[in-house]
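Asks: Once you've had a glance at the structure underneath, I'll fire off some questions.
The values are calculated or read from the model by the stated rules, or taken from the named source; none is laboratory data. Since the structure is predicted, the reported quantities are computational estimates derived from the model, not experimental observations. Ideal geometry is used to build each Cβ from the backbone, glycine not excepted, and the neighbour counts take in all protein chains shown. Only protein heavy atoms, including side chains, enter the accessible area calculation; ligands, DNA and RNA are left aside. Shrake-Rupley method; radii C 1.70, N 1.55, O 1.52, S 1.80 Å.
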Amino acid sequence: MKPTTDPVLTAREMRGAEERLMAGGATARTLMEIAGREAADWVWRAAAGRSVTVLCGPGNNGGDGFVIARVLQERGLPVEVIAPLDTGAQAAGEARAAYAGPIVESADNAVLVDCLFGTGLSRPLGGDLTGLLRDLAQRHAYRIAVDLPSGVESDAGRMLDEDLPDYHLTIALGAWKRSHWLMPAAARMGERRLVDLGIGEVAGAARLSTTPQVSPPPASAHKYSRGLLAVVGGAMPGAAMLAARAAMRAGAGYVKLLADYKSPMTPDELVVDDSALEESLSDERIDAVAIGPGLGRDAAARGRLLTALARADRLVLDADALMLLRPGDIEDGQEVLLTPHGGELDALCQAFGVEASDRIERALAVHRLAGCAILAKGPDNVLIDQDGQITLFPPAPSWLSTAGTGDVLSGIAASRMATGKNAGDAAEEAVWLHTLAARMTPAPFCSGDLIRYIPIAYEHFL
Ligand SMILES: NC(=O)C1=CN([C@@H]2O[C@H](COP(=O)(O)OP(=O)(O)OC[C@H]3O[C@@H](n4cnc5c(N)ncnc54)[C@H](OP(=O)(O)O)[C@@H]3O)[C@@H](O)[C@H]2O)[C@@H](O)CC1
Ligand SMILES: [K+]
């Protein structure tokens, strides 16, 4: 298992972590005081002397708001509090009593601090509260969410109401919540900061990916020792070619395209092997196989997929291969990475009889039933590695929403696997290489442009 140094928790895991802190002597009130003070530091910096409105809700998120308001006022900042609901939680009530400043119906200040709801939000806000939030958002040029923007459900990245405001800064308390890194919620949060409450590691929790370190080839390297990747082509040349071209720049020493076409666009460095698939895959020097981009979805394509699965132990399955995969295809002892986008994850769930609605739960179920690692790719990548560890990532640039970038990602992941990385590490490195290449490629770009920036991204992680 990877260390969960930066855990990403569900609301339930967060409550468990809070209970452990309390068993160690902390109280809800002391935790609120620490969280509120630390959050106030961030608000103080962002406000830079400007006036602040704190919107406080009925629970402990509202209690944090009263601490923030008190601390900012003690430091001399002009502060007003709006508290549209009665305070319910005991610690929050104490925090409210300790705040001596103005409580108003509405306010026009420079900075809005949203402490209406955090992880305790259990249902949509409804008309009055959404109206209030939208109105306040219009009146405040700079908006900060404490723990979570109100209206975000903690675990699945869902918005419980429509047309809620965007924020410039979101201050997570104690630990990241899954929705800090899942769309569509993550897109509303602006910059993210984390306040440490000493929660430490949480067994079984998701983790936030940290930047990888890749290596140069060892001094004694030759093309085979660096990893031979076979990309299995099929009906359409373009997508397999993209995956192969990306793989050539992501670490493998030798990339072969197994297909019966040679287009004028084929790079000189790419070896195209058009012999029968059984024969070309019998080369024992092959370290990993990538199959799916441009494979097709007919019986011949399914035949090529079964041949690849019969002949290779380490594979990346993408695109059409994911539409063709069936329960029982992957055998024990094989190391396989699936890289589905949303529609392909739907198809996998259908093929494997998975009914969960939460994306992470769906990916976990496919991981268990298919017996492999899975990278659910998109603007918010979710990785389940071979051991079931969930890893989330900082958001990828939205310019990646263009044809072929998924083929590039699976090509990079396959290249990393060919170098000897296990499926989970290969996928994690691929996401970072792909994301950084996208940040550096002049936009709007197409997937071919993106490929040229993979080596520059690689160099960055050396
Ligand atoms: N964990 C930790 O270590 C720490 C946690 N801290 C803070 O605690 C926060 C979690 O606090 P929390 O559990 O009190 O939840 P919170 O989000 O304030 O709201 C719950 C209240 O709202 C109500 N309510 C819900 N939905 C509603 C709706 N649609 N419309 C109206 N009401 C609605 C709900 O009522 P009920 O559903 O019970 O009817 C309940 O009264 C967390 O985000 C962080 O900020 C820090 O202080 C320190 C360390
Ligand atoms: K909030």
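Asks: Of everything in region 125-163, what is touching a Leu at 6+ places or on another chain (Cβ under 6 Å) and away from ligand 2 (no atom under 15 Å from the Cβ)? Give them in sequence order.
Replies: 157
Asks: Could I ask something else about it? For residues in region 354-396 being within 14 Å of the chain's Cα centre (by Cα), in a loop (DSSP other than H, G, I, E, B) and of a type in the set (Gly, Ala, Ser), which is farthest from residue 341 (Cα to Cα)?
Replies: 396
Asks: Now for a separate question. Only one of these is surrounded by fewer than 18 Cβ atoms within 10 Å (Cβ to Cβ) and out of contact with any strand residue (DSSP E or B) (no Cβ under 6 Å at 6 or more places or on another chain): 84, 58. Name it.
Replies: Result of the check over 84, 58: 84.
Asks: Let me ask something else. Which is at negative phi, of a type outside the set (Ser, Thr, Tyr), free of Cβ contacts under 8 Å to residues at least 60 places away in the same chain and surrounded by 23 or more Cβ atoms within 10 Å (Cβ to Cβ), of 356, 363?
Replies: So the residue among 356, 363 that is at negative phi, of a type outside the set (Ser, Thr, Tyr), free of Cβ contacts under 8 Å to residues at least 60 places away in the same chain and surrounded by 23 or more Cβ atoms within 10 Å (Cβ to Cβ) is 363.
Asks: So, residue 105, is that one part of a loop (DSSP other than H, G, I, E, B) and open to solvent by 30 Å² or more (accessible area, probe 1.4 Å) or not?
Replies: So residue 105 passes the test.
Asks: Of (1) among the acidic types (Asp, Glu); (2) open to solvent by 80 Å² or more (accessible area, probe 1.4 Å); (3) over 24 Å from residue 409 (Cβ atoms), residue 283 satisfies all except one. Which?
Replies: (2)
Asks: Determine if region 129-143 includes at least one residue that is within 7 Å of ligand 1 (Cβ to nearest atom), touching a Ser or Thr at 6+ places or on another chain (Cβ under 9 Å), in the same structural domain as residue 70 (by TED's automatic domain parsing) and touching a residue at least 24 places away in the same chain (Cβ under 8 Å).
Replies: Yes, region 129-143 contains at least one residue that is within 7 Å of ligand 1 (Cβ to nearest atom), touching a Ser or Thr at 6+ places or on another chain (Cβ under 9 Å), in the same structural domain as residue 70 (by TED's automatic domain parsing) and touching a residue at least 24 places away in the same chain (Cβ under 8 Å).
Asks: Does residue 406 meet the test of being buried (at least 24 other Cβ atoms within 10 Å of the Cβ), in the same structural domain as residue 438 (by TED's automatic domain parsing), under 16 Å from the mean Cα position of the chain (by Cα) and part of a helix (DSSP H, G or I)?
Replies: Judged against the criteria, residue 406 is a match.
Asks: Would you check if there is a residue in region 295-304 being more than 31 Å from the chain's Cα centre (by Cα), of a type outside the set (Gly, Ala, Ser) and modelled with pLDDT of 95 or more?
Replies: yes
Asks: When region 144-166 is examined, which residues are found to be more than 9 Å from ligand 1 (Cβ to nearest atom) and surrounded by fewer than 24 Cβ atoms within 10 Å (Cβ to Cβ)?
Replies: Across region 144-166, the qualifying residues are 153, 155, 156, 158, 159, 162, 163, 164, 165, 166.
Asks: If you take the residues in region 108-128 that are surrounded by fewer than 19 Cβ atoms within 10 Å (Cβ to Cβ) and within 18 Å of residue 144 (Cβ to Cβ), which one is nearest to ligand 1 (Cβ to nearest atom)?
Replies: Taking the candidates together, the pick is 110.
Asks: What's the total number of residues in region 172-191 that are touching a Pro at 6+ places or on another chain (Cβ under 8 Å) and away from ligand 1 (no atom under 13 Å from the Cβ)?
Replies: 7
Asks: Just checking, which of 252, 172 is open to solvent by less than 40 Å² (accessible area, probe 1.4 Å), of a type outside the set (Asp, Glu) and under 30 Å from residue 25 (Cα atoms)?
Replies: Answer to the check: 172.
Asks: If you don't mind, another one. Counting just the residues of region 43-55 that are in a helix (DSSP H, G or I) and more than 16 Å from ligand 1 (Cβ to nearest atom), which one comes out most open to solvent (accessible area, probe 1.4 Å)?
Replies: The residue in question is 45.
Asks: Restricting to region 32-47, what's the tally of residues that are more than 18 Å from residue 192 (Cα to Cα) and either out of contact with any helix residue (DSSP H, G or I) (no Cβ under 7 Å at 6 or more places or on another chain) or of a type in the set (A, V, I, L, M, F, W, C) (or both)?
Replies: Of the residues in that region, 2 qualify.
Asks: Mind telling me which of the residues 310, 319 ends up being open to solvent by less than 20 Å² (accessible area, probe 1.4 Å) and either out of contact with any helix residue (DSSP H, G or I) (no Cβ under 6 Å at 6 or more places or on another chain) or closer than 20 Å to residue 430 by Cα (or both)?
Replies: 319 is the lone residue from the list that is open to solvent by less than 20 Å² (accessible area, probe 1.4 Å) and either out of contact with any helix residue (DSSP H, G or I) (no Cβ under 6 Å at 6 or more places or on another chain) or closer than 20 Å to residue 430 by Cα (or both).
Asks: Please state which one of 75, 70, 37 is more than 16 Å from ligand 1 (Cβ to nearest atom) and at pLDDT 95 or above.
Replies: The match here is 75.
Asks: May I ask you to say which residue of 100, 69, 91, 95 is among the hydrophobic types (A, V, I, L, M, F, W, C), more than 13 Å from ligand 2 (Cβ to nearest atom) and part of a loop (DSSP other than H, G, I, E, B)?
Replies: Every option except 100 fails the conditions.
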